[in-house]
Amino acid sequence: MNQHVNIEEKKTFKLKVLSADGIEAAINKAEQYRLLNQPKLAESICLDVLEIDKANHKAKVILLLALTDQFGQSFSAAAKHANDLAKSLHDDYSKTYYSGIIKERMGTATLNSGNPGSNFDAYEWYIEAMELFEKAQTLAPPSNNDPILRWNTCARIIMQYDLKERPFENFPPLE
């Protein structure tokens, strides 16, 4: 076997397919990897599940969350994929609630970035999340307080960091 790999050579592999009866165990592993802060592993497992069960709601949700766990490293590609997944969920509550989670996590990643103006951007993400959580609350069963819990979390972060709307600067036109 050749021990030396040409760095410029890109290797592609034919991925192996899971057995259908192993889907539930794979999903449980994906959840565990998320809890262990291993979102790439959870993402890979969910992609394997979705390869054989494209409509698997639980795999879509875990994949969406695993992508948002990675917002600090790869923001735009992960955010687009997560938003596409949210739109594909099977009911209006899930679509709205998980879209709110995406916005909330974008706010958190932005706030933690330390970039100039990130506090204003984070504020906007949190406000968008809160609007989605309010809408999700109207779609949730009476015993489901998840949208309320998420809304309160966003509100507390805004208050804790004293986040504010970006000030509007009225500059005279350039001539």
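The values are calculated or read from the model by the stated rules, or taken from the named source; none is laboratory data. Remember, predicted model here, so these are calculated numbers, not experimental data. Methodologically, a virtual Cβ is constructed for each residue, glycine included, from the backbone with ideal geometry; neighbour enumeration extends over all protein chains shown.
Note on the range 21-60: among residues that are in a loop (DSSP other than H, G, I, E, B) and either in contact with a helix residue (DSSP H, G or I) (Cβ under 7 Å, 6 or more places away or on another chain) or among the hydroxyl-bearing types (Ser, Thr, Tyr) (or both), the one that is farthest from residue 73 (Cα to Cα) is 53. Of all the residues in the range 87-120, those that are within 17 Å of the chain's Cα centre (by Cα), among the small types (Gly, Ala, Ser) and within 20 Å of residue 77 (Cα to Cα) number 6. Restricting attention to the range 71-105, the residues that are at pLDDT 95 or above, among the aliphatic types (A, V, I, L, M) and part of a helix (DSSP H, G or I) add up to 5. Looking only at the range 121-131, decide whether some residue is over 18 Å from the mean Cα position of the chain (by Cα), among the small types (Gly, Ala, Ser) and more than 28 Å from residue 46 (Cα to Cα). No, the range 121-131 has no match at all.
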